[in-house]
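Chemist: Structure provided below as structure tokens; questions to follow.
The values are calculated or read from the model by the stated rules, or taken from the named source; none is laboratory data. All values reported here derive from a predicted model rather than from experimental measurement. Neighbour counts are summed over all protein chains in view; Cβ atoms, including those assigned to glycine, are modelled from backbone coordinates with ideal geometry.
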Amino acid sequence: MKLLISGLGPDTDLDTLRERMRHFGPVLDILVVREGDPERPWFIIDMDITPDVATEVARRIDGIYFHGSFVHARVMLHD
């Protein structure tokens, strides 16, 4: 399942993000989307988890205040 994460800065270290997301399950890939506002990128994190687990992960991290801004997380239902 893929999670869409926003609210992280453009200087977010992908290795650190990958390591932190591994607490919730295997990370297959991370795609950074900088189109639109490059200062507010989106991160699409592809994880080897079920839809139920993805929903729970999104609920757990959505709204966390991290490095001066709120993180938003959503489950991507379609590619």
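Chemist: Filter the range 59-79 for residues that are within 14 Å of His23 (Cβ to Cβ) and either hydroxyl-bearing (Ser, Thr, Tyr) or not in a loop (DSSP other than H, G, I, E, B) (or both) and give the result.
Modeler: Listed by number, the residues that qualify are Arg60, Ile61, Ala73.
Chemist: For the range 23-38: of the residues being surrounded by 11 or more Cβ atoms within 10 Å (Cβ to Cβ) and under 11 Å from the mean Cα position of the chain (by Cα), which is farthest from Phe70 (Cα to Cα)?
Modeler: Here the residue is Val27.
Chemist: Just the residues that are closer than 23 Å to Glu56 by Cα, outside any loop (DSSP other than H, G, I, E, B) and modelled with pLDDT of 95 or more, please, taken from the range 20-36. First the steps, then the outcome.
Modeler: We begin by selecting, within the range 20-36, every residue closer than 23 Å to Glu56 by Cα; these are 20-32.
From the residues that got through so far, the ones that are outside any loop (DSSP other than H, G, I, E, B) too are 20-21, 27-32.
Matches in the range 20-36: Met21, Val27, Leu28, Asp29, Ile30, Leu31, Val32.
Chemist: Tally time: how many residues in the range 37-56 are within 15 Å of Leu8 (Cα to Cα) and in a loop (DSSP other than H, G, I, E, B)?
Modeler: Here the count works out to 5.
So that you can scan it fast, the table gives a plain yes or no per residue for (1) without any contact (Cβ under 8 Å) to a residue 40 or more places away in the chain; (2) surrounded by fewer than 13 Cβ atoms within 10 Å (Cβ to Cβ):
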site: Leu17; (1), (2): yes, no
site: Arg40; (1), (2): yes, no
site: Asp46; (1), (2): no, no
site: Phe70; (1), (2): no, yes
